[in-house]
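These notes are about the structure you will find just below.
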Amino acid sequence: MSAEQNPARPDDDQTVSLLARTRTLCGQCSNDVGVDGIAIAVFASDTSRDLVYATDITAERIDELEFTLGEGPGLTAYRTSVPELHTDLTDPAATTRWPMLVPEVLDLGVRAVFALPLRLFIGARIGVLELYRTQPCRLDTQHYRAAAGYAAALGSIVVEELDPSRNPTMVDPALSPRGKVHLAAGMMAAQLRVSPADALTRLRAVAFAQHRRITVIAQDIIAARLRFRPEDSAST
C-alpha cells in the first residue's frame with residue numbers, strides 16, 4: 001500500500017494546537033517506554049473508532065489496518081479492558097489470533113505491538129493507547145508501569161481536548177480520518193441502496209481486496225472519483 005500523508009501527523013499546526021497535551025504526553029510516553037511510535041484511538045462502539053493522534057505514519061497505518069480489518073490488539077484491548085502485549089508478531093500465536101492483520105503489520109517493518117485501554121476516572125472505556133516497536137521487545141516492569149501510567153492520564157485529557165464545547169473546530173471531519181470513512185460509507189450506502197453498516201463492511205472489503213488505504217478510497221468516494229451502482233452490490 002502506498003505511503004500517503006499521515007492525517008494525524010504531529011507537525012500539523014491544527015493538531016498541535018488542539019491536542020497539545022495529548023501530543024506532549026505521547027512524546028514523553030514514547031521516550032519513557034522505549035517504543036518507536038504511538039497512536040491513540042477513541043471508540044464510539046466496538047465497531048466505530050476514530051484515530052485521534054499518531055506520532056508517525058507507521059503508528060497511523062497500524063491503527064487504520066485494525067479499523068479496516070476489524071481485528072487486532074487495540075480492538076481486543078478495548079473490548080476486554082485488558083492490555084494486549086505482544087513482544088514478537090512472528091510468534092504463530094499472534095497470527096492465529098489475527099490472521100489478516102499480522103502479515104500486514106509485519107510488512108510495515110513492525111515486530112512488537114502493545115495496546116492499553118484508555119479509561120476515564122469513572123472507569124468507562126473510551127479508547128486505546130497503541131504502541132509499536134520495529135524490533136522484538138518485552139516491556140519490563142518499569143516500562144510497563146510507565147505505559148500504564150500514561151494510559152491512565154491520557155483518558156481524561158483526550159476527552160477534554162476533543163470536547164467540542166471547548167474546541168468547536170474538532171467537529172471538522174478533516175481532523176478525524178475515520179470521519180471521512182463514515183461519510184463515504186453513507187454515500188456508498190445511498191448509491192448501492194444498502195444500510196450504512198453494510199456499506200461500511202463493503203468499503204472495508206474493497207480496501208482489503210485492492211490493498212489500498214481505506215481513508216484514500218473514502219476520499220475518492222467523497223470527491224466523486226469513485227461511484228457505485230446498485231448492480232455492483234453483489235460484487236463489492
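Annotations for the structure displayed:
- Residue-wise HN-Hα couplings along region 62-74, as the Karplus relation 6.51 cos²θ - 1.76 cosθ + 1.60 with θ = phi - 60° gives them from phi, are 4, 5, 5, 4, 4, 5, 5, 8, x, 8, x, x, x Hz; Gly and Pro carry x.
- Residues Tyr132, Tyr78 arranged by fewest to most Cβ contacts within 10 Å: Tyr78, Tyr132
- What the Cβ-Cβ distance of Asp220 and Ala190 gives, at R0 = 22 Å and to the nearest 0.05, is a FRET efficiency of 0.90.
- Cα-based shape type of region 50-109, given that a ≥ b ≥ c are square roots of the gyration tensor eigenvalues and the cut on a/c is 1.5: oblate
- Put a dot 7 Å past the Cα of Glu71, heading toward its Cβ, do the same for Asp91, and the two dots end up 1.7 nm apart.
- Here the label points at Leu120 and Ala153, each 7 Å from Cα along the C-beta direction, are separated by 2.1 nm in the simple model.
- Treating each Cα of region 176-235 as one equal point scatterer and applying the Debye formula with no solvent, the log10 of I(q)/I(0) at q = 0.20, 0.21, 0.22 Å⁻¹ comes out as -0.64, -0.71, -0.79.
Any read-out appearing in this document is the output of simple, stated calculations on the displayed coordinates, not a laboratory observation. It should be emphasised that the depicted structure is a prediction, and the values quoted were computed from it without experimental measurement. Cβ: placed from backbone, ideal geometry, glycine included. Neighbour counts: every protein chain shown.
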